[in-house]
Amino acid sequence: MIQKAILSTIILALISLLGILLFIAPYHTYTLTLTDGIDASFLKFHAPSKSVLDGEGYELDGLDQIIYEDNSVWKEFHFQHHLLELPIHHPNYELIPVFHKDEFGTNLGIDFINSKDQLLLGLRTFPLKKFELTSDKQKIFLLPIFKKKIESISADKKWIDLFSKKLSLPSNKGKSFLESLKTMWQIPYEDLVYNLYILYNRNNFFETKVKQIRYDEKLNVGIAEIESDRVDTLIERFYFFQLGVVYTFELTTYRNSKQSKNLRYKILRNLKLKHSTQDSSISIYAEYKNLDYKNRIDAEGMTYLISAWSHDFSNKEYLRVMISFLERGLGNSKFLAPLYEYSFNKFGTNFSSKDDSRNETADEKLKRKMKEELEEEVVREEMKNSVKQDGEFSSNEEKIKYMLQKAKDSKKNSDLNQNSLQVP
């Protein structure tokens, strides 16, 4: 009897041990997946970065900080898909257009500089993308019991979980074996698979290396801190979700600069979403044309044109007009430099009207010369049919020179007219 009792006890213990092993096996596999990735028939993806394992809630610091600013030197602009407060004739801040080239193509951004031309804040935006979490062909997510769980969760909840959900299992430190089993028992297998689904999509969603992910419920924005080569630089990418679409922009702040932090607070505190279409540029350009001429040839006019151009970036006419008018102002070389470089790289000419600043390819030079010759020919034809009323000329060359100058003066005067420029 004793032997049977012992044997029964051993068998029962083995069955219990096997049951425990079977129970904890999924949790063990889950933990290994978080640290080493997984390559199995039911799920495959590489080892995730520790920085994307545990999201957290967050409130953007400083947004309630009072910044004493003269509102007359700030104006709200519709820049791409956002409404931004930008400085106008500000005593401390100016804007510089910048161009970012990456896998998305070339995008227009803005750098904020101080009165010493030191960089304070960088701002860039990204193309819109549809928010879609995917199971791909991962078999575990397609099993009916787990698929039902995944599909039962709303897109809004999945969006929040993408940034804020903690995927690591609760720590067993200081707990007994039974307490650890009890903790695991409270986490259903369906939740483990949903966590893996979120992790799988985090790996796909973030195109670059991140240090930390967070979610601000107050602003309804996901935040990813991007890895930087400089310890004094904070790079944050902000993701807004609206009607199934993700709006993304990025701020680069300098941790040791109070001005840089204040600009960050100012931008984030007043930021709003506003969808961009090509027609969004029309009303902005109309405002630009209503500026006084002296403001159209300085940084204020450039800000309006940058804003308009951001909605119709393929339209080089905004760029040409921007360069043409900035060249008529004083002290605009820092604004013109990036515009010259982008124009030449993109179109083969920097659109400069000044001989000493012009840079163009041979093809563009030929086109310009042909256009100038055509304009001269038009002037000659007009001279033949015109009545001599502008005075006597000592030679035909003098008359041609006079008529060309008159045409240029006429063009210049038309530029002074606030409604003279037409952008297709």
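Kindly rank 140-153, 208-221 from highest to lowest mean number of other beta carbons found within 10 Å of each residue. Don't skip to the answer; put the middle values down first.
On the way: 140-153: 13.8, 208-221: 16.1.
Final packing ranking: 208-221, 140-153.
Which peptide among 85-94, 236-245 comes first, and what is the full order, when sorted by highest mean count of other Cβ atoms within 10 Å?
Highest-to-lowest ranking by the protection proxy: 85-94, 236-245.
Per-residue counts of other Cβ atoms within 10 Å, averaged by peptide: what ranking do you get for 359-367, 263-271, highest first?
The most tightly packed comes first, giving 263-271, 359-367.
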Original post:
What is the order of F99, F205, F79, fewest Cβ neighbours within 10 Å to most?
Top reply: F99, F205, F79
**OP:** Restrict the search to the stretch 84-124; then list the trypsin sites (Lys or Arg not before Pro) that DSSP places in a loop and that have at most 12 other Cβ atoms within 10 Å of their Cβ.
**Re:** K116
Subject >> Sequence of K261, K371 once ranked by neighbouring C-beta atoms within 10 Å, starting from the fewest >> reply: K371, K261
Original post:
Let a ≥ b ≥ c be the square roots of the eigenvalues of the Cα gyration tensor of the stretch 50-276; is it rounded (a/c under 1.5), or, if not, prolate (a/b larger than b/c) or oblate?
Top reply: prolate
Subject >> Rel. contact order, % - alpha carbon contacts under 8 angstrom, at least six apart, the stretch 50-276 >> reply: 29
Subject >> Three-way shape call for the stretch 215-305 based on the alpha-carbon gyration tensor, with the a/c threshold at 1.5 >> reply: oblate
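Quick one: grab the alpha carbon gyration tensor of the stretch 278-333, order the square roots of its eigenvalues as a ≥ b ≥ c, and give me rounded if a/c is under 1.5, else prolate or oblate depending on whether a/b is larger than b/c.
Note, shape of the stretch 278-333 comes out oblate.
Every number here is computed from the coordinates shown, using simple stated rules; none is lab data. From a predicted model like this one, the values you see are computed outputs, not experimental measurements. Neighbour counts are summed over all protein chains in view; Cβ atoms, including those assigned to glycine, are modelled from backbone coordinates with ideal geometry.
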